[in-house]
1. Identify, by number, the condition in (1) part of a helix (DSSP H, G or I); (2) in contact with a helix residue (DSSP H, G or I) (Cβ under 6 Å, 6 or more places away or on another chain) that residue A:381 doesn't meet.
2. Could you please give the count of residues in segment A:80-97 that are outside any helix (DSSP H, G or I) and more than 10 Å from chain C (Cβ to nearest Cβ)?
3. Condition check: more than 26 Å from residue C:448 (Cβ to Cβ), assigned to a helix (DSSP H, G or I), modelled with pLDDT under 90 and of a type in the set (A, V, I, L, M, F, W, C). Does residue C:208 satisfy that?
4. Of everything in segment C:44-58, what is closer than 16 Å to residue A:277 by Cβ and surrounded by fewer than 18 Cβ atoms within 10 Å (Cβ to Cβ)? Give them in sequence order.
5. Return the residues of segment A:118-137 that are outside any helix (DSSP H, G or I) and more than 7 Å from every other protein chain (Cβ to nearest Cβ); say none if nothing qualifies.
6. Which condition does residue B:102 not pass, out of (1) within 13 Å of chain C (Cβ to nearest Cβ); (2) surrounded by 23 or more Cβ atoms within 10 Å (Cβ to Cβ); (3) over 27 Å from residue B:190 (Cβ atoms), if it passes all the others?
7. Name the helices (runs of 4 or more DSSP H) wholly inside segment A:241-334 in which the number of residues that are surrounded by 19 or more Cβ atoms within 10 Å (Cβ to Cβ) and at pLDDT 85 or above is 1 or more.
8. How many residues, within segment C:113-132, are within 13 Å of chain A (Cβ to nearest Cβ) and either more than 17 Å from residue C:386 (Cβ to Cβ) or crowded, with 22+ Cβ neighbours inside 10 Å (or both)?
Amino acid sequence: MILRIARKEFVELARDGRFRASAAVVGILMVGALAVGWEGWRDISREHARAEADSRERFEGQGEKNPHSAAHYGLHLFKPKSSLAFVDPGVDPYTGISVFVEAHRRNEVDYRPARDATALERFGDLTAASVLQVLLPLVIIFLAFPAVAGEREQGTLRQVLSLGVRPRDLLLGKAIGLAAAMGIIVLPAVVVGAVLLSRVGDDAGAAWPRAAALAAGYLLYLAMFLAVSLFASIRAKSGRSALVALLGFWILNTMVAPRLATDLARRLHPTPSALEFASAIDREIREGVDGHDPQDERIRRLEEELLDRYDVDFVEDLPINFQGVALQAGEDHGNAVFDRHYDALWSTFDHQDAARSALGFLAPTLAIRSLSMGLAGTDAVEHRAFAEAAEAHRRELVRLLNDDLATNGADLGFMYQAGPELWGQMPRFRFEPPPVAGTIARLGPSWLALGLWTIVAAAAAAWSARTLRID
Amino acid sequence: MLEATDLTKSYNGHLALDRLNLAVRPGEIFCLLGANGAGKTTTINLFLNFIRPSSGSARIKGLDVVEHPLETKRHLAYIPEQVNLYRNLTGLENLAYFAALAGHREHATAGFLELLAQAGLTEEAARKRVSTYSKGMRQKVGIAIAAAKQAEVLLLDEPTSGLDPKASNEFSELLVRLRDRGVAVLMATHDLFRAKETGTRVGIMKRGRMVALLDTAEVGHADLERIYLDHMHD
Amino acid sequence: MLARIMRHEARVLAADRSLWALAGLLAAVVAYGALNGASWAETRRAALEAAAAEEAARFDELRRRLGSPGDAIGVGALEVGRSSGARYAAMPPGLLAALVVGQSDLLPSYVKVTTDGRQSLDGADEIENPTHLLTGRFDLGFVIVVLYPLAILALSFDLLSAEKERGTLALVLSQPVSLRQVVLGKVLLRGLLVVGLAVAISMVGLAVGGGASGPGVLARAGLWMAVVAAYGAFWFALAVAVNAMGRGSSANALILAGIWLALVAVVPALVNVAVKAVHPVPSRAELVQALREASDEAQAEGSRLKARYFEDHPELAGGDVDADEYAVQALAVQEAVEASVRDIQGRFEAQLARQQAMVDRLRFLSPAIVTVEALQDVAGTGAARARHFAGQVEAFHESYRAFFRPRILRAEPIGPKDLDAIPAFTFREEPLPGVAGRVALGLAGLVLPAVLVGAVGRKALGRYPIVG
């Protein structure tokens, strides 16, 4: 019986010109968005890989010099594109692509692509994610709002129910029919997406579980919209008022809530200004150990400590190069300052994002947005993972170079020079995105919000089917 | 006063009205009888210029309704089967608006209440929102609107269908009063009894054509019903 | 007659609770948008003040040092030019900045200018949660471009269809009024209400938000109102045209929601894709590489470069022999690097200019794009003013370096007298006629489609099926 109803619903839709038109438009937009996104993804990935290799080559080819000078020469790291960024580029246009790694300083990840774009970028890119989050729910509303209200107005509902069909079966049948119709719209994009993902390269293995979780998230989201639409269709006075209410729900979710949440989050947890942030770090670093300044009080204390430990009288008699130790001491102090400030900054961002997640319980589109970006590896947290990895790499590099200076450069001071073999021994940077299990777990509140919405909407629809008004 | 000359309306080859010729003089009530889809409402819509004739012409006071859409409407009043009013406004406010649209500004509230009272609506009812009205009450507001306009032509589309017998009777009395004042009335109806009682002439329509034209004074109730059914049978 | 229809419409609308809800909602979002914009403008102003304070403190410290006996001969020009004497080039928020956040959260409004190379000007990014940047702000720009059309459509998607469905239309048109008059009356009343509300509250917000006084503020406010009114007119015209097709209310709502989504979201995104595909901006990764390469080469050339540098700047190769070796080398490298990346830097700017030109042409495809650009222009938070600022910063950077270069090369310290001579930046506002010209073009891009759609609607009204 239910399948019979589903089939009727599906056939009816398939014959509807409006359905075909919207299916074609949405299908083309989604496949097109995937294709454009993938091309951009491929170009940028290649470019970044090339640039990073070039930077490394230059670092290794810098010839004989003091290891600390090599640390100053530094190198550029480029943020690799996450495998699923072609589905949802997330915050990628608004985070930098490259960070300069050098001694003493933690640099920002620079060059936000959005700065090299026109104001149109702010309307949002055409991406598979935006089609799934914004356009498809609208199509669901268009198709589902007359499901019950329309039949009621035509008078066919009276006839159907007079035949002894259980209202809940009718509803379930309609839901399945509509879901099948939506499946037809999405299918080409899913196939194209899967084919593209299989051509992503080395990271494809790690990307599949993420893609599966992403698909599950969107399935929940779209099912939720279907359930809400059917609920409205059952409860509304007329098809017209069902439509108006659903459009209102859609607008609040997709247009109003994201910006409202942004401003609310910013109000609750203000972001410091760049100037404030930078000058606080500057001040605290200046108060610490300056490895370059032999007059520094703390350097003298460090010196005395070392002289005591090795039981010698002069710095020149130390079995190690004092410069290297002093520089590393300065570095350690700076790192502590950086950690303190960046942790505070990131925790501000975390609080802001937590506020956004909390609002996801009110507006499920917020939940799918964070879920989608998180799983695609393009949200602020994944960006932070890159920034931290780059910073860890910087510290390791600088420490190894300072250590070399300290252990091998005894009694030569700054005259000590190392060669390309040392530069070649330096570890290579490779960014491993956080494991998928951790990402899924971290997005817990969003999963919960989406799951709750879906369950409550489905239950509400099923419950109101029991008291279905006939006219 | 009301005049149709070879008035024809076709929809995609289907003739809804076929060369109708008709003249209604002042002080006359002309009743259009016929089955659903016979062309009665089409005739009234053509006089209202709500639809364009395919050929022929409809005139009110000698003016073609297509060429003078606004001028002709100054002289007519229209009461549809369902007098639909603005539900969130009171009967009084509705009347005031329609009177204003008709270009009559001289009425004060008292005047409007008077008109509504004449149509049979108490002041208390007149000050209630239309959403609380019964069909008969809305019909009364419709009559008051027509009366306020002091129209010389009245177009009625099954005005008494769905009214209870008492309301229906009151409505007929009103029509007679207007007729006596010299108004030309064109009324589409299914009610043979009322047509005979109040009408001066009766036209029976079938598939867009006027198949019979009778003077009510010359036929009895039974005759009218027999003639009507005869025409419907073949 | 029109006035009577409008009066009646007002009464009908007023009797309906949903109008009050809608008007309340619109008022609330407009007010909230104005509030958010004002607080953002305040934040920006505070950031500029903090920068100015930091600069003043640094100069005070410098002055104190120069006054102390130890440093009486002065402080090295290189040190002053690179850090202690750095100047901020700042673009204050525009007169109407509280109305639109625009690009001002992305494009920096102050830059620290030092004697470092040209590319040091590019790196200044404000700290922000990237998700905020991605989402955008709830400012009046958003309210006007996205939500205001929805308020208009919610009030007029059933302009005629509702009257037809309720059956009142036939009775109205049996009176001596034309359908066009009725429609015009309805639209005018709704227009007065919605446009009036949007304009009035935004102006009140602006006045309360403060910071809005100065020459040209009235002209700009006038332009703002004109854009808001013209954009509203377009959506009303569209609602009339869709109603004139004679479909039911639900169909109208569907069609209008579809058109709204297409114009406000889909077309801009497609134009964005097209613009980026036709005029791709070169990769920043490439620029990073080029900079590296250029500076490696310059370093390698070493003394040769220095010699050539003095050939290029004979005025600097004074008799003084105690020119700072390191400083000369640094300047020579800097200049060489700048010369060799000028091409690629130019390519960025040229491509961006081409993109902007293409957007300027294609914006007429969607009134939403036209409105966004026009509102940002009026408020001074768009790309145009940012470019205007960037040009001034570059010129200032040149004059700043021109002040320090000879002193660095001649190893001439900065003394107390020189301190006040260090160039300071003053922002020159974009001339109003230029802004007005651009906005006027945008206005034409709103009025023309409004008139066109309105004419189509007017024509279709002539065939409107009043019955059946």
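The values are calculated or read from the model by the stated rules, or taken from the named source; none is laboratory data. The shown structure was predicted, so the numbers you read here are calculated from the model rather than taken from an experiment. Ideal geometry is used to build each Cβ from the backbone, glycine not excepted, and the neighbour counts take in all protein chains shown.
1. Status for residue A:381: all satisfied but (2).
2. Filtering segment A:80-97 for residues outside any helix (DSSP H, G or I) gives A:80-82, A:87-91, A:95-97.
Add one more test, that the residue is more than 10 Å from chain C (Cβ to nearest Cβ), and what stays is A:80-82, A:87-88.
Number satisfying all stated conditions: 5.
3. Working: more than 26 Å from residue C:448 (Cβ to Cβ): yes; assigned to a helix (DSSP H, G or I): yes; modelled with pLDDT under 90: yes; of a type in the set (A, V, I, L, M, F, W, C): yes.
Yes: the conditions hold for residue C:208.
4. Those that are closer than 16 Å to residue A:277 by Cβ and surrounded by fewer than 18 Cβ atoms within 10 Å (Cβ to Cβ): C:46, C:50, C:53, C:54.
5. The first filter runs over segment A:118-137 and keeps only residues outside any helix (DSSP H, G or I), leaving A:118, A:124-127.
Correct list: A:127 only.
6. In the conditions (1) within 13 Å of chain C (Cβ to nearest Cβ); (2) surrounded by 23 or more Cβ atoms within 10 Å (Cβ to Cβ); (3) over 27 Å from residue B:190 (Cβ atoms), residue B:102 misses (2) alone.
7. Details: elements: A:257-268, A:274-286, A:297-310.
The helices (runs of 4 or more DSSP H) meeting that bar are A:257-268, A:274-286.
8. To start, the set of residues in segment C:113-132 that are within 13 Å of chain A (Cβ to nearest Cβ) comprises C:119-132.
Among the residues that remain, those that are also either more than 17 Å from residue C:386 (Cβ to Cβ) or crowded, with 22+ Cβ neighbours inside 10 Å (or both) are: C:119-120, C:127, C:129-132.
Going through segment C:113-132 one residue at a time, the tally reaches 7.
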